[in-house]
Amino acid sequence: PPIFPLFSPFSPHCFSLFPPPLFLPVSPPISSCFSPTPPFFPPFLPVFSLFSSPFFPFSLWELSQAELMVMTIADIIQQLLEAHQQGRDVDLNKLKTKTSAKYGLPAQPRLVDIIAAVPPQFRKVLLPKLKAKPIRTASGIAVVAVMCKPHRCPHINFTGNICVYCPGGPDSDFEYSTQSYTGYEPTSMRAIRARYDPYLQTRHRVEQLKQLGHSVDKVEFIVMGGTFMALPEDYRDYFIRNLHDALSGHTSNNVAEAVRYSERSLTKCVGITIETRPDYCLRPHLSSMLSYGCTRLEIGVQSVYEDVARDTNRGHTVKAVCESFHLAKDAGFKVVAHMMPDLPNMGLERDMDQFYEFFENPAFRPDGMKLYPTLVIRGTGLYELWKTGRYRSYPPSTLVDLVARILALVPPWTRVYRVQRDIPMPLVSSGVEHGNLRELALARMKDLGTQCRDVRTREVGIQEIHHKVRPYQVELIRRDYVANGGWETFLSYEDPEQDILVGLLRLRRSSPESFRPELRGGVSVVRELHVYGSAVPVSSRDPSKFQHQGFGMLLMEEAERIAKEEHGARKIAVISGVGTRNYYRKIGYELEGPYMVKSLE
């Protein structure tokens, strides 16, 4: 027969007695049809599903499972196209179940196989409907979590042991895992499969996100696995170099070369986040992280009480936490704190008091928080305390109530990144019993008549996915506060009536004693610029999305005005991800050290 496009509604074999045929490949093997890239379709053969025909004289019972799977996928795609043309919404899971049963398949086709089989001319239409886990890129970027090799906790040399609640590490029951992880978290398992190779971890995760229908033009790395800055410098350079090379495709000899090529990469590295401790967040560490292209730090705080830090064997003081926050923000970093309610020697009232202190005391006031209620895991010191009855976790309902009350305290300029660890529940002996703690806490807040107004809850992409609402009237809102020895201005474009956040900018008038020479002598620093909503590729414009619509430019113009007129600054600097430097060059900024800088005189 003549060659016709896939899923064409017309065919010389199409009589009034028969429905439009599906055109399916007779070769190559099925695996090549499910490649991550759009497949090449060879000559097509018409197939009448569940219909006999003189032109196609065999029944479904004569087909192999692989052929039935191809027919099922083709039928699903055809039904999705018909629904799109008619303006109908389709429940993909129900459609997969119904179509698989129609062809007598014992298992449903995988989503990645359906996405891979969508013809190029229909990908723009169907991929948004097929995207798996849309929350992964709802904030406008694709987050790629990677892990460094397992290594011992740095403070074990002077405290004699690790933190009492900490699982993992080379000396633990989970010996092939990194410190503070069990090896059974999704990121840990990907790292173990790649044998902790940073290049392979990045490539595999990026390809996986592509197969799931996500845009990976803008990637943000999170370096996990314990205190990265405690590792030898040679290993750190090797690790960071390979992260950049995995995106750019270049093989670099050093970090500086990797960063230069990463600037021009098609897949942009818009930021790197590094997990660290307050005692590994000093001036030399911060300067090294700036050279890597790091823009955000996750600092393990856990508690604001000295006695709790001492009794849990943290190995640092609360004063060190305040100093690390001050230094990091003066260098332009965004600061995310890890906090743990339900630690030993605490109670509900003391837990609530510490979060009041954490958000109200200018010595703390982080930009973001990861809330990790204490878990009892075998092999830890806390497990022994729990076994002997010297430690008891909060009951599940009490913990949900506590988390709900904590979330109600979060100011609108702080983002709550996580509400519980990603450790599988079967490994938890005591502590959190639910895998959806944030969801339960938000439901409890609704009962209490309180609201969570953190950045993540109000993001436009999250609101679109969870509540199917879009902003109607967007306006510029300004909030000022003092934190860590500096004047902070939080600018945002929001719909105040629906409480939806479209984009934000963090501007800081740093303290005069900044240790970075680029920021001395009247320089204001933009610590974050972020426009939310589903990720849009750098070279694209989508009127239905919020990225690349000019919100970022408007926020930068207002920041420059405030820096010049109110701060009296002669220059404004931006701590920019490596892949976003060209954006700032277009609006008059130049590279000075690790910062993009513009004169205001």
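Any read-out appearing in this document is the output of simple, stated calculations on the displayed coordinates, not a laboratory observation. All values reported here derive from a predicted model rather than from experimental measurement. When we count neighbours, we look across all protein chains shown, and the Cβ atoms used for this are built from the backbone with ideal geometry, even at glycine.
Can you pull the Rg over Rh of region 100-242, Cα-only, Kirkwood?
Reported Rg/Rh (Cα atoms, Kirkwood Rh): 1.10.
When the Cα centres of region 363-406 and region 191-210 are compared, how far apart do they sit, in Å?
The distance from the Cα centre of region 363-406 to that of region 191-210 comes to 31 Å.
What percent antiparallel are the DSSP beta bridges of region 396-532, to the nearest 5? If you can, show how the numbers build up before the last one.
On the way: 25 of 26 bridges.
Among the beta bridges of region 396-532, antiparallel pairing accounts for roughly 95 percent.
Near His326, within a Cβ-to-Cβ distance under 12 Å, what is the net charge of the other residues, with Lys and Arg +1 and Asp and Glu -1? Before the final figure, lay out each step's value.
Details: positive: Arg283, Lys319, Lys329, Arg365, Arg508; negative: Glu323, Asp330, Glu513.
For residues surrounding His326, the net value is +2.
Where Lys and Arg each count +1 and Asp and Glu each count -1, what net charge lies around Ala230 among other residues with Cβ under 15 Å from its Cβ? Before the final figure, lay out each step's value.
Working: positive: Lys149, Arg152, Arg236, Arg277, Arg314; negative: Glu233, Asp234, Asp237, Glu275, Asp279, Glu298.
For residues surrounding Ala230, the net value is -1.
Provide the descending list of Cα extents for region 347-495 along its principal axes, expressed in whole angstroms.
The Cα atoms of region 347-495 stretch 56, 40, 26 Å along their principal axes.
Considering only DSSP beta bridges with both partners in the chain, what is the antiparallel share in %, to the nearest 5? Please report the intermediate quantities before stating the final value.
On the way: 39 of 74 bridges.
Here the share of antiparallel DSSP bridges comes out near 55 percent.
To the nearest 20 Debye, how big is the dipole of region 88-247 about its Cα centre, given +1 on the beta carbon of each Lys and Arg and -1 on that of each Asp and Glu? Let's see the in-between values first.
Working: 23 positive and 15 negative charges, 240 e Å.
With Lys and Arg at +1 and Asp and Glu at -1, about 1160 debye.
From the helices alone, meaning DSSP H stretches of at least four residues, give me the mean residue ellipticity at 222 nm for the chain, per-run term -39500 (n - 2.57), in deg cm²/dmol to the nearest 500. It would help to have the intermediate numbers written out before the result.
On the way: 21 runs with 214 residues, N = 601.
It comes out at -10500 deg cm²/dmol, rounded to the nearest 500.
For the chain, give the magnitude of the charge dipole about the Cα centre (Cβ charges: +1 Lys/Arg, -1 Asp/Glu; no others), in debye to the nearest 20. List each step's numbers first, then the result.
Working: 71 positive and 64 negative charges, 161 e Å.
Using Cβ point charges on Lys, Arg, Asp and Glu, the chain gives about 780 debye.
With the Cα gyration tensor of region 199-264 giving a ≥ b ≥ c as the square roots of its eigenvalues, does the rule (a/c under 1.5 for rounded; else a/b larger than b/c for prolate; else oblate) give rounded, prolate or oblate?
On the way: a/c = 2.43, a/b = 1.38, b/c = 1.76.
Verdict is oblate for region 199-264.
What does the net charge come to around Ser252 if you take all other residues with beta carbon closer than 15 Å to its beta carbon, with K and R at +1 and D and E at -1? Display every interim value, and only then the final one.
Numbers: positive: Arg236, Arg241, Arg260, Arg264; negative: Asp234, Asp237, Asp245, Glu257, Glu263.
Once positives and negatives cancel, what remains is -1.
Where the centre of each part is set by its Cα atoms, how far does region 479-524 sit from region 149-178, in angstrom?
Region 479-524 and region 149-178 have Cα centres separated by 37 Å.
Do any of Lys129/Lys468; Lys129/Lys218; Lys124/Lys210 go past 19 Å between their Cα atoms, and which? Let's see the in-between values first.
Working: Lys129/Lys468 14 Å; Lys129/Lys218 21 Å; Lys124/Lys210 14 Å.
Too far apart for the 19 Å limit: Lys129/Lys218.
How would you rank 328-337, 565-574, 162-171, 590-599, highest first, on the average number of other Cβ atoms within 10 Å across their residues? Show your work: numbers first, answer last.
Values: 328-337: 24.5, 565-574: 18.9, 162-171: 22.2, 590-599: 17.1.
Descending mean neighbour count gives 328-337, 162-171, 565-574, 590-599.
Kindly put Tyr472, Tyr372 in sequence by how many other C-beta atoms sit within 10 Å of each C-beta, fewest to most. Display every interim value, and only then the final one.
Values: Tyr472 9, Tyr372 22.
Ranking Tyr472, Tyr372 by Cβ neighbours within 10 Å, fewest first, gives Tyr472, Tyr372.
Principal axes first, then extents: for the Cα atoms of region 550-601, list largest minus smallest coordinate on each axis, whole Å, largest first.
So the extents along the principal axes, rounded to whole Å, are 30, 26, 14.
Mind checking which of Val301, Leu348, Leu286 is farthest towards the positive end of region 286-350's charge dipole, using Cβ charges of +1 (Lys, Arg) and -1 (Asp, Glu) about the Cα centre?
Of Val301, Leu348, Leu286, it is Leu286.
Mean Kyte-Doolittle of at least -1.0 and a Cα length of 24 Å or more along the axis: which whole DSSP H helices of the chain meet both? List each step's numbers first, then the result.
On the way: long enough: 65-86 (31 Å, 0.29).
Counting only whole DSSP H runs, the qualifying helices are 65-86.
In Å, what is the Rg of the alpha-carbon atoms in the chain, and how long is Dmax?
Rg, Dmax (Cα atoms, Å): 26.6, 86.
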